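The structure appears right after this line, and notes come after that.
The values are calculated or read from the model by the stated rules, or taken from the named source; none is laboratory data. Keep in mind it's a predicted model, so treat the numbers as computed, not measured. Virtual Cβ from ideal backbone geometry, glycine too; neighbours counted across all protein chains shown.
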Amino acid sequence: MASGIKQHALCVQVIKLLREERERRGISKYTLSAKCGLAQQTISYMERGLRQPSFETIMRVADGIGVDLEDVIRKARVMVAKRSGK
């Protein structure tokens with residue numbers, strides 16, 4: 001898998017895991033937007049794959065949810081590696 005494609009896949013997986021954790025914890029997009037200082041629409045676009053967020057935005061979302069971004073990235077790496085067969 002090419003480096004750029006792998007990075008994109010990793011970013012997509014991180015966002016998916018953050019969305020799943022937000023939903024699992026029962027945090028609405030509105031509440032999350034207030035916690036991390038982002039527009040609700042920004043979170044919605046990010047979760048639906050309509051925008052690729054900056055690393056800073058991803059960090060703010062993870063902090064707003066209350067998860068360790070390092071753990072999320074680690075899980076995402078494993079999932080991307082499994083999909084690519086490595």
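Scanning region 17-45 for residues that are touching a helix residue (DSSP H, G or I) at 6+ places or on another chain (Cβ under 8 Å) and within 19 Å of ASP71 (Cβ to Cβ) yields a total of 10.
Right, ARG74: surrounded by 17 or more Cβ atoms within 10 Å (Cβ to Cβ) and either modelled with pLDDT of 95 or more or aromatic (Phe, Trp, Tyr) (or both) or not? So ARG74 does not fit the description; no.
Whether a residue is small (Gly, Ala, Ser), surrounded by 14 or more Cβ atoms within 10 Å (Cβ to Cβ) and assigned to a helix (DSSP H, G or I) was assessed, and ALA9 passes this test.
Conditions tested, residue by residue: (1) modelled with pLDDT of 95 or more; (2) of a type in the set (Val, Ile, Thr).
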residue	(1), (2)
GLY26	yes, no
ALA34	yes, no
ILE43	yes, yes
GLU47	yes, no
ALA62	yes, no
LEU69	yes, no
ALA81	no, no
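Evaluation of ILE15 against the conditions (1) buried (at least 18 other Cβ atoms within 10 Å of the Cβ); (2) at pLDDT below 95; (3) assigned to a helix (DSSP H, G or I) shows that the sole unmet condition is (2). Taken over region 22-58, residues that are assigned to a loop (DSSP other than H, G, I, E, B), farther than 12 Å from VAL12 by Cα and touching a residue at least 40 places away in the same chain (Cβ under 8 Å) amount to 1.
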